[in-house]
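Novice: Mind having a look at this structure? Questions to follow.
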Amino acid sequence: TNTAAGFVCPVAAIGTTIFAGTADGVFRSIDNGDVWGKASTGLPNSPIISLVVSGATIFAGTTGAVFRSTNNGDSWEA
């Protein structure tokens, strides 16, 4: 999919929240994909190459590190 942020690679979901990794970070939708917002606070300016969900935690892989969010993508930590 071609978006304003580039090409979407990985996609993951926690409940009804959808996450998409792009060349410009992580984007999140809480309304079944109708509206998307950037959810990349704490992530480096690097493409997201993988997203994995474990329970209520989401992991985002970049080319240099793995980050996790335990607050639905509001912030990320290495």
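Novice: If you put +1 on each Lys and Arg Cβ and -1 on each Asp and Glu Cβ, how big is the dipole of the chain around its Cα centre, in Debye rounded to 20?
Specialist: With only Lys, Arg, Asp and Glu charged at Cβ, the dipole is about 120 debye.
Novice: Take the alpha carbon gyration tensor of the chain, find the square roots of its eigenvalues, order them as a ≥ b ≥ c, and report rounded if a/c is under 1.5; if not, report prolate when a/b exceeds b/c, else oblate.
Specialist: Here the chain falls in the oblate category.
Novice: Another one. Which residue, Gly73, Asn32, Gly55, has the largest displacement toward the positive end of the dipole of the chain when charges sit on each Cβ (Lys, Arg +1; Asp, Glu -1)?
Specialist: Sorting the options by dipole projection puts first Gly55.
Novice: Got a number for carbon plus sulfur as a percent of the chain's accessible area, 1.4 Å probe?
Specialist: Ligands and nucleic acids excluded, carbon and sulfur give 54 percent.
The values are calculated or read from the model by the stated rules, or taken from the named source; none is laboratory data. Small disclaimer: the values here were computed from a predicted structure and weren't measured. Every residue, glycine among them, receives a Cβ derived from its backbone with ideal geometry; neighbour counts consider all protein chains shown. Heads up: the accessible areas ignore ligands, DNA and RNA and are worked out on the full protein's heavy atoms, side chains in. Shrake-Rupley method; radii C 1.70, N 1.55, O 1.52, S 1.80 Å.
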